[in-house]
Structures are given as C-alpha cells and as structure tokens.
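In what follows, a single structure is set out as structure tokens and then discussed.
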Amino acid sequence: QPNRINNLFNLKFAAKELQRSSKKCDKEEKAEKAKVKKAIQKGNMEVARIHAENAIRQKNQSVNFLRMSARVDAVAARVQTAVTMNKVTKSMAGVVKGMDATLKSMNLEKISALMDKFERQFETLDVQTAQMEDTMSSTTTLTTPQGQVDALMMEMADEAGLDLNMELPQGQTGSVGTSVASAEQDELSQRLAKLRDQV
C-alpha cells in the first residue's frame with residue numbers, strides 16, 4: 001500500500017512539473033515577443049522573424065506541456081480510484097515499474113506512451129472515465145506556421161507604433177506554413193501510433 005501511494009504521489013508530482021514547464025515556456029514566449037519588438041524598432045526584420053518563430057514555438061510547447069499535465073492528472077485520479085477499490089492488478093503494477101524514469105525524463109512522447117499503457121489498464125478495469133484525447137500536436141515540430149509568425153510580427157510592430165510594410169504574397173505564406181505543419185502532424189501521428197503498437 002505505501003508503495004502505491006508513493007506512485008500516486010509521483011504521478012501528481014509529474015503533473016505539477018509539466019505545469020511548471022508550461023509556465024516556463026510562457027515566460028520564454030514573452031521574452032521572445034519583446035525581442036521581436038526591439039528588432040522591428042531597429043529595422044532588423046530577419047532577426048525579428050527568428051524571435052517570432054521562437055515565440056510561436058514556445059507557445060505551442062506550453063500548450064503541449066499543459067495538455068500532458070491534465071492527462072497525467074486524470075490518470076492519477078483513476079489510479080487513486082483503483083487503489084481505493086483494491087483493483088490494482090498485477091499488470092498495472094507492471095506498468096508502474098518503469099514509471100519513475102519516464103516521468104523524470106519529461107519527454108512528452110514517452111509520457112504519452114506511458115499514459116496509453118495506464119489507460120489500457122483502466123479499460124480492462126472498467127474504471128475508465130472519458131478517454132482523454134491523445135493530441136500531441138506539434139510536440140516535436142521545429143518549423144512554425146509562417147502565417148502565425150507574420151501575424152505576431154505585425155502585432156509587435158503595432159505595439160511599437162511602427163508600420164510594418166511586409167511584402168507578403170497574398171495568401172501564400174499562411175498556406176505554405178500550414179501544409180508543412182499538417183505534414184509534420186501526420187508524421188507525428190504515425191510515430192505515436194507505432195509507439196503504441198510497441199508498448
């Protein structure tokens with residue numbers, strides 16, 4: 001029993017850590033936005049774009065951490081129910097074994113795979129409440145939708161009281177960025193599916 005309670009504590013601790021990481025990304029996003037504004041004021045558009053891309057990446061990462069934190073939290077609640085009902089099976093105990101290292105890694109793909117294992121246990125236990133949506137959107141993408149980047153640069157220029165006359169081909173940048181992002185999204189979904197098959 002103490003061991004199970006300890007495991008529960010680890011899950012809850014991981015949820016808090018993921019939340020902390022999300023807040024850290026929010027801070028980074030704000031810092032990058034400020035750099036966008038500064039670069040625009042100096043007329044350095046290339047540098048501004050780099051910082052705008054960083055800001056968007058940090059924002060996406062923040063959402064991913066927050067989403068995973070909620071998922072881990074939900075699993076912790078379900079584990080608690082299983083413990084209370086004395087329904088912790090041998091196979092669930094097996095899932096718990098490698099848990100600590102995975103949680104400490106703060107690797108979203110690994111944590112996602114671990115949550116999948118837990119959730120499968122709950123399906124067999126019928127403790128499963130609503131299956132949380134497994135969206136790992138843009139966890140590992142390095143490119144950022146250019147439409148978002150341009151919009152952020154415009155916004156920062158606006159705040160700086162400057163007119164940013166960016167020569168944007170009509171509708172081109174947004175669609176290019178989006179197609180790149182969705183292609184990566186597909187690739188990520190396939191990788192996650194493979195991961196799931198392996199576990």
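The values are calculated or read from the model by the stated rules, or taken from the named source; none is laboratory data. Given the structure is predicted, the values throughout are model-derived calculations rather than measurements. Positions of Cβ are backbone-derived with ideal geometry, glycine not excepted, and every protein chain shown enters the neighbour counts. Just the protein is used for accessible areas: all its heavy atoms, side chains included, with ligands, DNA and RNA removed. Shrake-Rupley method; radii C 1.70, N 1.55, O 1.52, S 1.80 Å.
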### Query
Is it fair to say residue 29 is open to solvent by less than 90 Å² (accessible area, probe 1.4 Å), assigned to a helix (DSSP H, G or I) and either closer than 25 Å to residue 80 by Cα or at pLDDT below 95 (or both)?
no
### Message
Considering only the range 64-73, I want to know if a residue exists there that is in contact with a helix residue (DSSP H, G or I) (Cβ under 8 Å, 6 or more places away or on another chain) and either among the acidic types (Asp, Glu) or at pLDDT 95 or above (or both).
### Response
yes
### Query
Which pairs do you get when a residue that is closer than 8 Å to residue 156 by Cβ and touching a residue at least 12 places away in the same chain (Cβ under 8 Å), found in the range 32-43, comes within reach of a residue that is in a helix (DSSP H, G or I) and open to solvent by 50 Å² or more (accessible area, probe 1.4 Å), reach meaning Cβ atoms under 7 angstrom, with the pair 6+ apart or on two chains?
37/159
